[in-house]
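Student: I have a structure I would like to understand better, so I am pasting it below and will then ask my questions one at a time.
The values are calculated or read from the model by the stated rules, or taken from the named source; none is laboratory data. Note that the structure is predicted; figures quoted are calculated from it, not measured. Here Cβ is always computed from backbone atoms with ideal geometry, including for glycine, and neighbour counts include all displayed protein chains. When the accessible area is computed, the model is the full protein with side chains, heavy atoms only, and any ligands, DNA or RNA have been set aside. Shrake-Rupley method; radii C 1.70, N 1.55, O 1.52, S 1.80 Å.
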Amino acid sequence: MSGKFDIDRMAHLARLRLTDSEKVRLSEQMETIIEYIDHLDRLNTTKVEPTSHAIPLENVFREDEKKQNFPDLDPLSLAPAAKNRHFEVPKII
Amino acid sequence: MKYETVIGLEVHVQLKTQTKIFCSCSTEFGRPANENTCPICLGMPGVLPVLNKQAVEYAMQACLATDCRINPRNTFDRKNYFYPDLPKGYQITQLNLPIGEHGHININVNSVQKRIGITRIHMEEDAGKLVHGENEDQGKSYVDLNRTGTPLVEIVSEPEMRSAEEAREYLNQLKAILLYTGVSDCNMEEGSFRCDANISLRPFGQEPFGTRTELKNLNSFRFIQKAIDYEVERQTNILDQGDKVIQETRLYDSDKGVTRSMRSKEEAHDYRYFPEPDLVRLTMDNEWIERIRKTIPELPEQKRKRFVTEHDIPEYDAGVLTASQSMANYYEECVALHPHPKIISNWIMGDLSYELKNDGREIEDCPVAPASLIGLLQLIDKGTISGKMAKTVFEEMYQTGKPAQEIVKQKGLAQISDSSSIDKLIDDVLADNPKQIESYRNGKETIIGYFVGQVMKASKGQANPAVVNQMLKEKLNQP
């Protein structure tokens with residue numbers, strides 16, 4: 001199913017169920033992306049400062065103050081299953 | 001023991017903020033499940049995290065108090081994995097540029113000082129809490145996301161500890177430092193101070209480390225020591241039989257006192273870290289770092305050294321007294337009122353700690369204030385009561401909160417030191433015991449103990465024994 005890119009493993013890690021045709025299409029797209037990254041990798045960046053964010057902003061903070069942004073929101077009402085104020089999920093150990 | 005134990009510790013510490021690291025939800029412990037949640041910490045699509053400035057400053061304090069170098073540029077990263085306690089499907093943490101690196105703390109084990117390196121300190125968000133169903137709910141797990149998004153620092157040590165005692169002392173010191181700086185309440189029962197231990201063995205003299213196991217679920221200092229001891233023995237047996245230790249995560253079972261493999265499916269973790277795109281750059285300039293540095297109080301180690309040099313008390317006492325900041329403050333308040341450090345240290349480590357322990361109280365809730373304790377010590381100095389009586393008076397002070405003077409008066413406990421009262425008592429005793437006087441005068445001087453006993457009895461224990469002894473000798477030696 002895969003060339004350089006292991007689509008089955010990636011789908012498993014992302015918990016995605018893909019059809020065979022999706023796998024083929026996504027593998028091709030991912031390989032194109034990886035090729036492009038490989039291309040960038042070959043550039044000389046010794047004088048370029050690493051970028052961790054595209055927006056040139058820094059130090060955006062909140063003060064440490066309690067707020068209830070959604071006082072009417074009952075998170076449990078959004079869940080497929082809940083019991084005793086807890087979200088109910090299949091057993092996980 | 002032919003193997004050397006190698007221990008490294010990872011400690012997760014909850015920062016003492018009012019709100020979560022990326023949203024304004026409360027971090028209060030013990031609220032009804034899922035009450036402290038909002039779309040941000042529930043991981044709803046489209047929400048954006050905004051960093052809590054106080055969390056960053058607490059993390060900076062933790063770094064400065066452990067001599068870490070603060071990275072002027074920090075990044076946050078996503079650690080991707082699926083587990084129901086992590087609703088976003090990733091944890092925001094710091095991988096490549098953590099807030100602090102290359103720190104250390106000093107520990108003292110058996111009077112030997114040792115420096116333990118701190119590899120790094122990074123900020124991250126906590127996950128939620130899972131409860132596993134029982135009986136009819138056996139196939140279910142239940143998720144409480146109150147804790148999700150609580151600010152943590154993870155403090156990673158170098159693998160430089162060589163025994164369970166060293167590990168325990170490292171944790172003691174680390175906890176004391178964090179409490180002194182006020183960055184965390186370090187409450188283990190509430191999960192504010194959690195420890196994982198990496199343990200391996202290697203033959204003495206061998207440089208490369210052996211295969212390590214990671215111990216989790218170490219939720220009290222006592223368990224940590226026991227779990228490490230158990231694990232060292234388990235690995236020793238494996239190596240002795242010529243087998244190999246398997247690298248794995250093991251859980252400590254405190255009921256049975258054993259560690260157990262977590263036996264997760266042997267799938268190598270692949271967290272696919274990448275820079276968190278929802279948070280902008282975090283930079284710390286010198287001005288900010290220096291401003292935070294000024295908030296760091298005198299730390300336990302400095303205090304300990306100062307007590308030894310300035311007050312001339314033993315290293316051991318100084319260690320006990322500085323274990324908590326409030327105890328050190330109590331001690332210092334006492335010394336300021338009454339410059340007899342060793343006597344004060346004895347009282348705090350002895351009777352005072354004994355009462356507090358029985359009562360399950362901390363020293364900040366002690367009903368006997370420093371000034372009251374000193375009031376008692378001054379009564380001993382003046383000879384009003386004996387050291388032995390003082391113990392009884394102290395107990396009463398602790399129970400009732402009354403000052404020493406009042407208790408002594410009420411109970412008629414004052415020691416009789418004035419010579420006229422004692423003179424009378426002695427004369428009565430001597431008049432009743434002519435034979436014993438003769439023995440004494442014939443050279444049986446040890447019989448003086450008998451006289452002292454009789455006088456003390458007649459005074460209901462309140463006569464000052466030193467005065468009695470002195471006066472008896474004078475009288476008996478007169479022809």
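Student: Give the separation of the Cα centroids, the stretch B:61-76 to the stretch B:412-479, in Å.
Tutor: 71
Student: Quick one: what Rg and Dmax do you get for the stretch B:300-411 from the alpha carbons, in Å?
Tutor: In order Rg, Dmax, the Cα atoms of the stretch B:300-411 give 13.7, 44 Å.
Student: Within chain B, which is the longest segment that contains none of the chymotrypsin sites (Phe, Trp or Tyr not before Pro) sitting in a DSSP loop with at most 11 other Cβ atoms within 10 Å?
Tutor: Details: sites that count: B:Phe82, B:Phe204.
Here the longest run is B:205-479.
Student: Treating the Cα atoms of the stretch B:232-326 as identical point scatterers in vacuum, please give the log10 of the normalised Debye intensity I(q)/I(0) at q = 0.12, 0.21 Å⁻¹, two decimals.
Tutor: Calculated log10 I(q)/I(0) at the listed q: -0.93, -1.02.
Student: Separation of the stretch B:8-23 and the stretch B:169-192 by C-alpha centroid, Å?
Tutor: With the stretch B:8-23 and the stretch B:169-192 each reduced to a Cα centre, they are spaced 11 Å.
Student: Rounded to a whole number of µm²/s, how large is the Stokes-Einstein D of the stretch B:419-476 at 4 °C and 1.567 mPa s, given Rh as the Kirkwood radius over C-alpha pairs?
Tutor: Numbers: Rh = 11.2 Å.
For these conditions, the coefficient is 116 µm²/s.
Student: So with the 1.4 Å probe, I'd like the accessible area per residue for chain A, rounded to whole Å². Kindly include the intermediate steps, with their values, before the conclusion.
Tutor: On the way: 7660 Å² over 93 residues.
Per residue, chain A has an accessible area of 82 Å².
Student: Hey, can you list the residues from the stretch A:71-90 whose accessible area shrinks by 20 Å² or more with all protein chains present, relative to the chain by itself (probe 1.4 Å, no ligands or nucleic acids)?
Tutor: A:Leu73, A:Pro75, A:Leu78, A:Lys83, A:Arg85, A:His86, A:Phe87, A:Glu88, A:Val89
Student: Moving to a separate point now. Grab the other residues whose beta carbon is less than 13 angstrom from that of B:Val245, score K and R as +1, D and E as -1, and report the net.
Tutor: Numbers: positive: B:Arg202, B:Arg212, B:Arg234, B:Lys244, B:Arg250; negative: B:Glu214, B:Glu231, B:Glu233, B:Asp240, B:Asp243, B:Glu248.
Residues close to B:Val245 contribute a combined charge of -1.
Student: Of A:Lys66/B:Lys129; B:Lys411/B:Lys475; B:Lys435/B:Lys473, which sit over 24 Å apart, Cα to Cα?
Tutor: Details: A:Lys66/B:Lys129 21 Å; B:Lys411/B:Lys475 31 Å; B:Lys435/B:Lys473 16 Å.
Where the Cα-Cα span goes over 24 Å, the pairs concerned are B:Lys411/B:Lys475.
Student: Per the Kirkwood formula on distinct C-alpha pairs, the Rh of the stretch B:362-479 is how many angstrom? Could you put the intermediate results ahead of the total?
Tutor: Details: mean 1/r = 0.0632 Å⁻¹.
Answer for the stretch B:362-479: a Kirkwood hydrodynamic radius of 15.8 Å.
Student: In Å³ and rounded to a whole number, note down the convex hull volume per residue for the Cα atoms of the protein assembly as shown. Walk me through the intermediate numbers first.
Tutor: Working: hull volume 151.6 nm³, N = 572.
Cα convex hull per residue, to the nearest whole number: 265 Å³.
Student: Quick check on chain A: what are the equivalent-ellipsoid semi-axes from the Cα gyration tensor, as sqrt(5λ), descending, whole Å?
Tutor: On the way: eigenvalues 289, 175, 23 Å².
Taking √(5λ) for each eigenvalue gives 38, 30, 11 Å, largest first.
Student: Using Cβ-Cβ distances only, list the Cys residues of the protein assembly as shown with no partner cysteine under 4.7 Å, sorted by number.
Tutor: Isolated Cys, the protein assembly as shown: B:Cys23, B:Cys25, B:Cys38, B:Cys41, B:Cys186, B:Cys195, B:Cys334, B:Cys366.
Student: Hey, what does the equivalent ellipsoid look like for the stretch B:121-232, semi-axes from the Cα gyration tensor as sqrt of 5 times each eigenvalue, largest first, whole Å? Mind dumping the intermediate values first?
Tutor: Values: eigenvalues 168, 85, 34 Å².
Three semi-axes, in Å: 29, 21, 13.
Student: Can you give me the pair-distance distribution of chain B, C-alpha pairs, 10 Å bins, whole percents?
Tutor: Percent of Cα pairs in each bin: 4, 15, 20, 20, 15, 10, 7, 5, 3, 1, 0.
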